[in-house]
Structure formats: structure tokens, C-alpha cells
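Contents: one structure, followed by commentary.
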Amino acid sequence: MSFLDVKDLKIHFPTDDGIVKSVDGLSFGVERGKTLGIVGESGSGKSVTSLGILGLHKGGRARLSGEIWLDGEELIGASAEHVRRLRGKKMAMIFQDPLSSMHPYYTVGHQIIEAYRIHHDVSKQVARKHAIDMLGRVGIPEPARRVDSYPHEFSGGMRQRAMIAMALSCDPELLIADEPTTALDVTVQAQILDLMRDLQREFNSALIIITHDLGVVAELSDDILVMYGGKCVEYGTAEDVFYRPEHPYTWGLLGSMPRLDREPTERLMPIKGSPPSLINVPPGCAFHPRCPYAERTGDKARTEVPALTETAGGHLVRCHMSRDERHSLWENEIKPVLEIQ
Amino acid sequence: MLTYIIRRLIGAFAMLIVISMVTFGIFYVVPQWAGATPEAMASRYVGRAATPETVHLVAERLGFYDPVVVQYGNFVKGIFAGAQYDYGAGVEQCPAPCFGYSFISGQPVWPDLLDRMPVTFSLAIGAAVLWVIAGVTVGVVSALRRGSFFDRLTMGTALAGVSLPIFFTGMISLVVFSYGLGWTPPGGSYTPIDENPALWAYDLLLPWITLAFLFAATYARLTRAGMLETMGEDYIRTARAKGLKERQVVVKHGLRATLTPILTLFGIDFGLLIGGAILTETTYTLPGLGQYAILAIRTQDMPQVMGVVLVAATFVVVASLIVDLLYAVVDPRVRLS
Amino acid sequence: MLALALAACGGGSGSTQQPAQSASGGTGAQDAFNAAVTGVFNPSTKKGGTLKAAHSSDWDSLDPGDTYYGYSFDFGRFYWRTLTMYKPGPGPEGNTVVPDLAESLGTPSDDGKTWTYKIKSGLKFEDGTPITAKDVAYAVARSFDKETFPHGPSYLNELLAWPKDFKGVYKTPDVDYSSAVEATDDTTVVFHLNKPFASMDYIVQMPMTAPVPKDKDTGAKYREKVVSSGPYKFETNEIGKRFALVRNDQWDPATDPNRPALPDRIEVQLNVNADDLDNQIISGDIQLDIPGTGMQPAALGKVLPDPALKARTDNPTIPRLWYVSVIPDNAPLDNVNCRKAVMFAADRVANQTAYGGEVAGGEIATNVMPPAIVGQEKFDLYPSADNKGDLTKAKEALAACGKPDGFTTTMAYRSDRPREKALAEAMEQALSRVGIKLTLKGFPASSYFSDYAGNVNYVKENGIGLAAHGWGSDWPDGYGFLQAIVDSRTIRDAGNYNLSVKNPEVDKLIDQASGELDEAARAKLWVEVDKKVMEDASILPVVWAKSLLMRGKGLTNVAYNEGQSMYDYIMLGVE
């Protein structure tokens, strides 16, 4: 069993219009010191997954099933109070927009001190020293002075560094970063990603990076999970998913990746259409309305949900097409266009 | 900061001058535009069936034959330099700030205002404590239990509270609690706090609750709406992700942000109230500034009206200044400049 | 005694007067509607206790020389004494005056221009100094200064022969005013009048004759500390809030047969919310409603349907007339026949309903003087079946006026008085039956007489033909009620109370009546004035007002006094 082991996780929200199946049977695992990238468009259920692990999915309304094992401990069914004690301490989270995710009325230092003192019975002075220390370690200059600044007095990159400092202040063993760089400009993105990689090595924590941008996870991740319509459509090592992707959706994601060597507006192989509604997931393969190859499998695409099957050692794909068909499409039609070496 | 305060104070002073001119205009100039002669204006301050001679004498005594500018000038001069009052058998000095002598009672206005302030302060402070505690608590609980029976009950009551006028709720409360059950004293009861604090609170209990009910209703609705919005903010999710207890999330992070706009409202409400809780004081016959204002307007007693309007306006102006200063303290994003 | 009772029944009021109850001592009297109108309710001679009173606004002034409200004249007798006063108690005798400071009623000279009063001995102010005739003469003289005392009545300013250079005791302290009023010795006050005047005993019951010690007189500030000559004196006086009276130990009951002075203490709260005041009267927290003009509409709705509460009320007819001035200034109302058409066309029942009906409003009035006025006679020059108007006669009058198809005019009323608005609407509907079209115009009450209905130019320029009006008398004789509203010589540019009666014959009759020293002949002359005004058709009477008063819980010795037209306050005691 991995350090974090998620099995057949389902998070459903009953609404007046029907049941929203945000996460529908998801399984994955992350080891200490390893990084999992969860990739998908917005609305694919990736953020809900991370909130579900932390027990922060919207309270009483959600229906959670499956298993979440953290360091040998089952979180689903554990008391809310127990999960709360783990939050911030054993598992922590970094959010997308550091400006809106930090409280505007409290100083950065105050918010780090608060996070630290929830789980450590120390004096304010000790916690403050720790906060300054953490700010220094995430690369904020003059941390002893900036500790008393308010979030709005920081630049975007500095804020995200502070956010990381806050998340790491209790030395969590599992760190989930939800779109950690989306709100930042490109050069800052790289710095933050470097920082996270360094810190992960230092702290030896399990890291989950959630993003819609394959480029972000390419350098950091050991494993990559591609989500579509609340389900996993491809799961494998970073190498598998990058160099031997087998799912047409993954191809689409690779194709729509912004690249430094191209015009920003130029998309090689954009995915047509928009993500499915999680209330009325299309029957059969959820991706079939947008899949350029749906016709190849005939009615099956519209009537039968494809199974998640292993295509090679540890590489899972959810597609009706045969392995050979996928390989030949990749090698002959996709790879040359994407110019992946 | 200091320059900001000074600038605001100068602005406030200019505002008070404008207010005094407008008030003066409403009571002196507008009637004259409408064709009122000095005698017609003086006829308000004489007895029934007064002779033209009497009216003429009174108009002369009250200075209604002077040009309006001179009359206004005399008023302003009285505030800064004091004035004199001829009571027939002698002359009385009215030291600055002299807001003049009432046309009706012949009493200097300023001591009357000073005398009545503690009543209004007592009413406003007690009610404010009640309504802030009750309104905010109910608002928070309603927001956290949105859609529950408690939420629907309190928000229904709050709607009633906002729409029911005080002279109605006040009257009903007196009939039920004072004259029916005998739990509270009858209307018109007031004991100064320095005389007997327990009796002071007992006498004011019903007015406090009635006045607080009206405001608590507004504050509960605002707090509820604010909390619903705040609790959906990203930083609340962050607070939870840190492992904070829900209670701390609500109070320290949610309520903190919700209360800031409510503070502004409170400052203005309180400033208005200490200038005279007109309806409450009238309903319960409390001898405060509000009752003074309504009596002054009813009898068209110009110096009294001017005095009470200026004092009330000063309170509002000062309250809004304090609110702005406090806002900068409470919300670090606000800069005073 | 028998003769008196007969006279009472024959007297004008016409209501069912019961013989005065024989005084039965003790408390716990049975509540009954009108119990204090027909007799003394809950009679008692028990002294002690605190009388709790309240006022929904404030006195014009507590100074006897500067006040002009009925309740003030009534209540003031707790702390002042005047030369004469209304006879305390219920029934028609309440309209008569009896001596107070004076030993007897005034003695007029043969020409009616000099009135002499002898005052009693043993009278003292609250500080123990004796009250002399000089203090009375001084009080009268000080009240002359209307700049200092603008509120009080000005009857004495006009009646007495003041020296030309007299501007009041403060501005001209050296001028000798003995040509108007003088103390010829310590016990004699003499008034010198401009013209013969018969009702002097009624004038000197007003508080201008309440003695004021010259060395304690502080002009306009005297109201803050009035020196008492009556059974009570001021303990505290918080202007605009409350005051309290306590016993004046210098008052000698032997000199004063009229005041039982039962309570030990009298507390008065000012500016009390009017609706709350009614509730407190009902609950018993307050025992006396000072203004004495009746309950508020809100309380009426609660009291009238409840037999137990109604039994605590009294519903007297007061000397007040609600009416419509029919103004002859604009055509075609300058023609008496057009005015008569208005008289005939009006629906008296609808008008009474507009004023709240019989109990809350009053009795349908057919002439000007109310029944409570001494010597009043009830007559009806414009009768109709069911009092709903005689349309045939109205049309005849219109034809005689040369307007057979009717005409158009404007009716003014006080917009902040719902009853006057209702009256205007009733008039509009009734007159439209004969083709008289009314345009209704409401004006604020505070400037109704100074700027609008009582302003001659405004009336002429805006074609005002009818105006809602009301009048109450200062004292219950013809002069007291009629003079201010029917004497055309009182009319000036603005601030008029006589809006419509401009008839030289009426003026002539007024002079005749006010100079007539024989009481019976004088009363007849005032009835003649009333008839002449009705013939002139310049006043359309609506109702003789009634008020609904509630007796406070725990009060003893409660009686409605016709002279005060409210409860007789000085008689009251508490259980």
C-alpha cells in the first residue's frame, strides 16, 4: 500500500437537477518523496478530488464513497474532528489564487503563525520565529520584515511563496498543490515550480500537483493521472504519459499545451467542444462527442463505458480502440505533428 | 494621517456651516418666499387671539424685521461670542456657545441640549450593545444554518422588525409589558445613571429592546448576507485547510471580514441615534435630544431647531470621521489620504 | 335650593340634568357613563396622597400673566388665586363666578366703567408676606407688556384706560398706571374701563389678576419660579419635562371655601406621548390628562366598545362650536340669498358624521352659541326633515340670488385635521345636490389664520367662499363666545378669527349687549346677536362639540365643571 492510497473514490453531489458525479470511481496512489500530477480541464473533477482527500468537499451535501488511506489510516468514515487534526499537519494544500486564498485582514506572518500554532503548542514568539524561518526558506527576502506585511503588499509570486511557506509550516507528509502557478506569470511559474521541487526533496513529502497544464507536471511528476468527466482516462508514469500516451484526450491535452517555441495563440491540435456536464455525462465513452476517432469503434463508443485497462506495466488507459490502433495513430499521426522527440 | 484628520475636520466644519444655512433657510427664508410677513412668522409665538400690537412687538423682539443675513449673522455670532437675553425685568448673559433662547420657553438652548444628551446617549448605547450582539449572533447562526427552521424564523422576524415602525412596536410593548403584565415601568420613566444605575437600566429596558429590535433586524440580515458571502471565500477554505476548528474559522476568519462593512453602518447609525432617537424618545416620552427636536419642530421654535440640528449633524459628522479612521485600522487595505 | 334646581333644569343645556347627588362619603363609587357630568363622582374629603398628572405637550407658560389655555386656567388655581373664580363643582352653577381673593363679586359704577373689588384679609404668599391689593394691581399692570408676555389674553389691555405713555412696568417703570388699575388701599382694587362693560367678573377670574409680588417679579423668567398664592407651591420645575407641587403652608383654608386641597402632592409630567398618555390613564399609571380636551382617536376605538371602560368616561357638551364660515367677500356669496342656499343645502347629519358622530364629535348645531353658554337659546332658521337639508328651499334661495343653476366656489380647511377634511368632503357632496360646486383646498393649521383663511387678501385673491373653523369661548357668556368671531371691527389684514361676519347690525347689537348691566336683558341681547348672524347666513354651524374624558383610576371628588369645560381640577383628591 502506498503512503496515500485512493481506491474507487466517488464524490457525488445531489442537486435539484440531478446527481453531479464530480468524481466517479477514481483510484491512485502516491509514495513519500514522489509526485503525482492530476491533469484535466476545469470541471473534470480534479479539484474536488483533492478537497475530498482533505475532507474539505462541501460538507453535508456531498456523498463520498470508496477508500482513502493515508499512511495506513482510512480517512473516509473517520470523524470530522480527526480529519481536522490531520489537516495542515499531516496533509496540507496550496491553492490556486494566493491573493484570494489568504485572509486580507491578517498579516502573512499572522497566518503562518496561526497555521503553526494549531498543531504545535508553542508561544507566539516561537511560532513567529518559525514563520520568519519558513518565509526565508521559500525565498522571501528580508523575511523578518516581510513577516508583518499584509498579503496585498506582496507581489503575486511572493504571495504564492508565502502560501507555500504556510502549507509547509507544519512539515506535512502529503502536500496537495491545486493549480499552484495558474495565477502567476510565466517566469514566476518556473521559479515556483523549482521551489516546490526543491522543497519536496528537502521535506520528502508526497506531492500531488493538480493542473490543467501538462507542461507544469512534465518536469515535476513521477506519475500522471489524466481525468475526464470525473473518471481516470489515462494513468501511468510521466514517461508513459508524455512519450507514449494512448488516450485521444491526452493527445488533445498535449496538443493544446502552450509552448515557449510557438506563438501563444497557436494551438497544434485543439480539442473541439467543451467538457461534459457532470450531471449528464454522455453515455458510453464520456469523451466520444469530442473524440475524432469515435467512429472507429462504431456504436460501442455511444453505448458502452470503456474499461480502464492496463496497456503496459502500470500504464492504464480507458479507450475502446485496440492497443495497436492507438499505437499506430500515435506514431503516425500525432507524434509527428507535436514534434515530441 | 494627521493631515487627513485635519482636512476632514475642516470639511466637517464647512459642512456644519452649510447645514446651518440650509436649516436657517428652511425656517426663515422659505416662508418669506411663500409670502410670510414678519408678523405672520411671529404669530406662531404668541397666544390665542393675540392683537396685532402683540404680534408686532414679538416680531420686533425676535428680530424678524432685520434682513435675513443679519438674523443669520446674529445667530452665528451668538455661537462664537455669546448673546444677551432681555427678559423684561433685566438682561441675562448667554455665554458662547450660545445657540440662542427658545422663542417659546425663553430658555437658553445650549444648556437644554447638554441636559438632554445623557438621556439620548443612555438610550443609544444600551440599544447599540443589544442590537449588535443580537443582530450579529442571529445573522451568523442563520447564515451557518441556511434554510433551517431557525433561519426562516429569525429572518421572518427580522423582516417584520425592519418594517414595523417604532411608534407601533413601542406602543404595543408598553401596553403589554407595562400596563398589562406590569413587568416594566410606564412610558415617561427615566432615571439618570448617576442617581441609580439599576433603576436607570430598568427604566430604559423596554426602549432599549424596542429600538434594538429595529436595528438588530437590519444587522441580522446584513450579517447573514455578509457571512454567506464571506464563508464562500477562498481564504475560508484556506483556514479550514490549515486545520482550524470550525468555530475559529467562523469567528476569526468569517466574522472578521463580515463585520468590517457593518462597522461603517454602525458608525453612521450610532451617530444619527445620539443626535436624537426621535421616534423612540417620543413614543416612550424620554426627555432626550430626539424629543427636543420633535417638540422644536412642532412648535417651530427656530433657535431650538437650529441648536438640535447642528448638534445632531456634528455627531453624524464626527461619527463618520471616526468610522473612516477605524476602517483604516480594521481593513489594512484601506489607506487614508 | 329648589329654585336653583329648577333654574338649572330650565337653563339652556337641555340635556337630562339630574339633581345633584346627596354627598355620600367613602370610596369605591360605581363607575357610570357621565357620572361626573351629572354630579360629583366618588365624593370624598380625605386628604393626602399624590395626584399624578400628565400633559401631551407643554404649557404656554406657568406665569399667571402669560398663559391662555383652559387647562392652565383650571390647573393654575392650585398655585394662584384670582379676584373671582368659577364656582367649583358640577352642573350649570359651574358657569357662575364666585369671589376668590375678593370678598364679594365686583361692584360696578352706574355707568359700568369702574369696577371695584375688596379683597379678604389674612391672605399670604408662600413666603408669608401678606397679599395686598397692590400685588393684584401690579400683576394686572405687568401683564400689559405683550412683548414680555405674548401668550396671555389681551382683554385688559383693551378694556382698561391705560395711560398713553405706558409701555409696561419694565420699560416704563415710572409711569403711573392708576388711570387703568389701582390699589386705593391695601384691600381695594379699582379697574377703570374705556367703555361700559358688564362681564368684568368673568374677566377677573382670569389669571392676570393673580397677585405677583413686585420684588420677586423676574419678567419673562418668572414662569420658572412662580410665587404661590394658592394651596400649593412649586417644589421643582424642570422646564419642558416635569414639575411638582407641594402644600403651601402659608395658604389659609379659612380664606378659601372653594378649594378642598385634598392631595399632599401633585406631580405633572410634560410632553408625554398623547397615545401613551391615554393608555396610562386607562391603566391607572396617570390619573389626570391635563389638556382635558378628550381622548385620542386611537383610544376612543378601544374605550367606546368596552362597557367597563366606557363607564369610566364622561361625555359633556363643551362651549365650542365647529362650523363653516360662509365668507361674503367674493361673488356670488356676497348675496345673502346665495349664502342661505348653502345653509339649506348642507347635510347636517353628514357634517356631524365627519366630526366623529354624536359621542366623539358633538350635537348637531342649529345656531352659533353652544348650549353651555349662559342664557343660550336654541333655534333653527334653516330647518329640514331629518336634518339632511331642504333642497327645495335651497333652490329657491339660489333663484333669488340670480344663480338658479348654482355656482362654483372654494372651501378651505386645515389639512392636518382629518375631521375638517371629512367635513369639506361632506359639504362638497351635499352642495352638489343643488349645483353648487366646491373646490377643496387644504392648508397647514399653523398658518391657517395668519396666511390663508384668516388673511383678507388671500381670501379675496383666491376666491375662498367657505372655510372650516372652530371656536371655543374663554368664558361662558355671550361676549366670551361671540365677540371674537362675529364682531366685524376685529377684522384686520391677517390672523383673523372672524372670517365671515361683516354686518353693521351685528356690531351694533354687540355694543348694546356688552354694555347692558342687567344680566337677563344682556343674555337676551346676545341671543339677538346669534339670530342676526344666522339671518346673515355667514356662519353654518356644524356641531356643538362634546369631549370624551376619562376619570383616572383612584381619583376622588371628580366633577365636570361647565365654566372650565373640563374636570374641576382643584376639587380632585386621590384614594
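The values are calculated or read from the model by the stated rules, or taken from the named source; none is laboratory data. What you are looking at is a predicted structure, and each value in this text was computed from that prediction instead of being measured. Neighbour counts are summed over all protein chains in view; Cβ atoms, including those assigned to glycine, are modelled from backbone coordinates with ideal geometry.
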Selected residue (only one of B:A96, B:A83 is farther than 17 Å from B:V311 by Cα and away from chain C (no Cβ under 14 Å)): B:A83
1 or more residues more than 25 Å from B:G170 (Cβ to Cβ): qualifying helices (runs of 4 or more DSSP H) within the range B:276-330: B:302-330
Residue count, the range B:178-192 (criterion: of a type outside the set (S, T, Y) and either surrounded by 17 or more Cβ atoms within 10 Å (Cβ to Cβ) or in contact with a strand residue (DSSP E or B) (Cβ under 6 Å, 6 or more places away or on another chain) (or both)): 4
Subset of the range C:452-464 [among the polar types (S, T, N, Q) and either in contact (Cβ under 8 Å) with a residue 60 or more places away in the chain or away from every other protein chain (no Cβ under 11 Å) (or both)]: C:N462
Within the range B:207-234, considering residues that are surrounded by fewer than 22 Cβ atoms within 10 Å (Cβ to Cβ) and within 14 Å of chain A (Cβ to nearest Cβ), the one farthest from B:G126 (Cα to Cα): B:D234
Residues of the range A:80-91 classified as in contact (Cβ under 8 Å) with a residue 40 or more places away in the chain and at the interface with chain B (Cβ under 7 Å from one of its Cβ atoms), total: 2
The one condition in (1) surrounded by fewer than 24 Cβ atoms within 10 Å (Cβ to Cβ); (2) hydroxyl-bearing (S, T, Y); (3) modelled with pLDDT of 85 or more that A:S277 fails to fulfil: (3)
Test for A:L86: is it hydrophobic (A, V, I, L, M, F, W, C) and modelled with pLDDT of 90 or more: yes
Some residue of the range A:34-57 being within 14 Å of chain B (Cβ to nearest Cβ), surrounded by 18 or more Cβ atoms within 10 Å (Cβ to Cβ) and among the basic types (K, R): no
Condition check for C:G470: crowded, with 16+ Cβ neighbours inside 10 Å, within 14 Å of chain B (Cβ to nearest Cβ) and part of a strand (DSSP E or B): yes
Unmet criterion (only one of (1) more than 8 Å from chain B (Cβ to nearest Cβ); (2) at negative phi) for C:Q280: (1)
Cβ-Cβ under 6 Å pairs, at least 6 apart or on other chains, the range C:44-57 side within 30 Å of B:E281 (Cβ to Cβ), far side small (G, A, S): C:S56/C:A274
Residues of the range C:154-178 that turn out to be away from chain B (no Cβ under 14 Å) and not hydrophobic (A, V, I, L, M, F, W, C), as a count: 6
Selection count, the range C:395-451, where residues are within 14 Å of chain B (Cβ to nearest Cβ) and in contact with a Phe, Trp or Tyr (Cβ under 8 Å, 6 or more places away or on another chain): 3
Options C:K146, C:K164, C:K113: the member that is basic (K, R) and either under 24 Å from C:A198 (Cβ atoms) or in contact with a Cys (Cβ under 9 Å, 6 or more places away or on another chain) (or both): C:K113
Failed item in (1) within 30 Å of C:Y560 (Cβ to Cβ); (2) in contact with a helix residue (DSSP H, G or I) (Cβ under 8 Å, 6 or more places away or on another chain), with C:A308 passing the rest: (2)
Verdict on B:F103 being touching a residue at least 60 places away in the same chain (Cβ under 8 Å), in contact with a Phe, Trp or Tyr (Cβ under 8 Å, 6 or more places away or on another chain) and more than 14 Å from chain C (Cβ to nearest Cβ): no
Neighbours by Cβ (under 7 Å, 6+ apart or cross-chain): first from the range B:54-79, within 12 Å of chain C (Cβ to nearest Cβ); second charged (D, E, K, R) and crowded, with 17+ Cβ neighbours inside 10 Å: B:T54/C:K146; B:V55/B:E39; B:H56/B:E39; B:L57/C:K146; B:L57/C:E147; B:V58/C:E147; B:A59/B:E39; B:R61/C:E147
Of residues in the range C:235-262 being part of a loop (DSSP other than H, G, I, E, B) and aliphatic (A, V, I, L, M), the one surrounded by the most Cβ atoms within 10 Å (Cβ to Cβ): C:L262
For B:G47: the one exception among (1) facing chain C (nearest Cβ under 8 Å); (2) farther than 21 Å from B:I297 by Cβ: (2)
Selection status of C:T184, buried (at least 17 other Cβ atoms within 10 Å of the Cβ) and among the β-branched types (V, I, T): no
Residues satisfying the stated conditions in the range C:487-525, i.e. over 21 Å from the mean Cα position of the chain (by Cα), within 14 Å of another protein chain (Cβ to nearest Cβ) and assigned to a loop (DSSP other than H, G, I, E, B): C:R492, C:D493, C:A494
Filter pass, C:I286 being over 22 Å from the mean Cα position of the chain (by Cα) and within 14 Å of chain B (Cβ to nearest Cβ): yes
